[in-house]
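The values are calculated or read from the model by the stated rules, or taken from the named source; none is laboratory data. Remember, it's a predicted structure, so these values are computed and weren't measured experimentally. Positions of Cβ are generated from backbone atoms using ideal geometry, with glycine treated the same way; all protein chains shown enter the neighbour counts. With ligands, DNA and RNA removed, areas are computed over all heavy atoms of the protein, side chains included. Shrake-Rupley method; radii C 1.70, N 1.55, O 1.52, S 1.80 Å.
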Amino acid sequence: LEESNRKLESVNEKLKMAAIIDGLTGLYNRKEIQARIDQALLQINEERFSLIMLDIDNFKQVNDTYGHQQGDNVIKGLANILHYKQADGMHNISAGRWGGEEFMMLLPGSGASSAVRLAELIRKRFANTEFSGIKPQTVSLGVTQAEREDTSDSLCSRVDMALYRAKKSGKNKVVLI
């Protein structure tokens, strides 16, 4: 009976993880990262936080030119950098796949300036990542700090606008709003 219970607990844990983890990247899925943002907003009076939204530049060209497998490799390459940043003494960071080639990072306890520094590190590291058989890739990043009056919609819209400005002003850059 004890062995059966251990197996059942193990299966339940795997199911729980499958419900919140993106299968391609191993990062949180959109539903989970959104839930974490919502939870952080509930605690905004106790702890400030920032968001970073990332989007791989010209990603459609990667898929069209090199195929979807290479596109998946590029997405995994960015995910590996985000995993590394989570493990690199920044355990409280939550990173998730927002959709397609877009990602979101929640940085509890971080103000805008430290979020911008992290975004720059990610941007540079991704630009220097080598992908077999394809040219170097770049990423654009939007950054914002949560304010007490923010709702989930206002916060996500603001970080999305920062990302949009990074894309519109030449890509491969970080924009803070």
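Restricted to segment 86-98, and to residues that are surrounded by fewer than 19 Cβ atoms within 10 Å (Cβ to Cβ) and not small (Gly, Ala, Ser), which residue is modelled with the highest pLDDT?
ASN92
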**OP:** Only one of these is more than 27 Å from LEU78 (Cβ to Cβ), surrounded by 10 or more Cβ atoms within 10 Å (Cβ to Cβ) and not β-branched (Val, Ile, Thr): LYS7, LYS31, LYS16. Name it.
**Re:** LYS7
Original post:
Of the residues VAL139, VAL143, VAL159, which is open to solvent by less than 70 Å² (accessible area, probe 1.4 Å), over 15 Å from LEU106 (Cβ atoms), touching a residue at least 24 places away in the same chain (Cβ under 8 Å) and in contact with a strand residue (DSSP E or B) (Cβ under 7 Å, 6 or more places away or on another chain)?
Top reply: VAL139
**OP:** Filter segment 57-82 for residues that are assigned to a helix (DSSP H, G or I), open to solvent by 20 Å² or more (accessible area, probe 1.4 Å) and free of Cβ contacts under 8 Å to residues at least 40 places away in the same chain and give the result.
**Re:** LYS60, GLN61, ASN63, ASP64, HIS68, GLN69, ASN80
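Considering each residue of segment 31-52, count those that are touching a residue at least 12 places away in the same chain (Cβ under 8 Å) and outside any loop (DSSP other than H, G, I, E, B), and give that number.
12
For (1) over 25 Å from ALA119 (Cβ atoms); (2) under 18 Å from the mean Cα position of the chain (by Cα), each residue gets a yes or a no:
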site	(1), (2)
GLU9	yes, no
LYS16	yes, no
ASP22	no, yes
ARG30	no, yes
ILE33	no, yes
LEU51	no, yes
GLN61	no, no
GLY71	no, yes
LYS85	no, yes
Original post:
Can you spot a residue in segment 99-112 that is hydroxyl-bearing (Ser, Thr, Tyr), crowded, with 21+ Cβ neighbours inside 10 Å and touching a Phe, Trp or Tyr at 6+ places or on another chain (Cβ under 8 Å)?
Top reply: yes
**OP:** From (1) in contact (Cβ under 8 Å) with a residue 60 or more places away in the chain; (2) in contact with a strand residue (DSSP E or B) (Cβ under 9 Å, 6 or more places away or on another chain); (3) surrounded by fewer than 17 Cβ atoms within 10 Å (Cβ to Cβ), pick out the condition that doesn't hold for GLU120.
**Re:** (1)
Original post:
When you go through ASP160, ASP153 one by one, which is the residue that is over 15 Å from the mean Cα position of the chain (by Cα) and not basic (Lys, Arg)?
Top reply: ASP153
**OP:** Name the one entry in SER132, SER114, SER154, SER110 that is at negative phi and without any contact (Cβ under 8 Å) to a residue 24 or more places away in the chain.
**Re:** SER154
**OP:** Looking only at segment 152-171, decide whether some residue is polar (S, T, N, Q) and part of a strand (DSSP E or B).
**Re:** no
Subject >> Counted residues, segment 34-56 - those being loosely packed, with under 15 Cβ neighbours inside 10 Å and charged (D, E, K, R) >> reply: 3
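Within segment 19-28, restricting attention to residues that are within 28 Å of THR151 (Cβ to Cβ) and not β-branched (Val, Ile, Thr), which residue is least open to solvent (accessible area, probe 1.4 Å)?
LEU27
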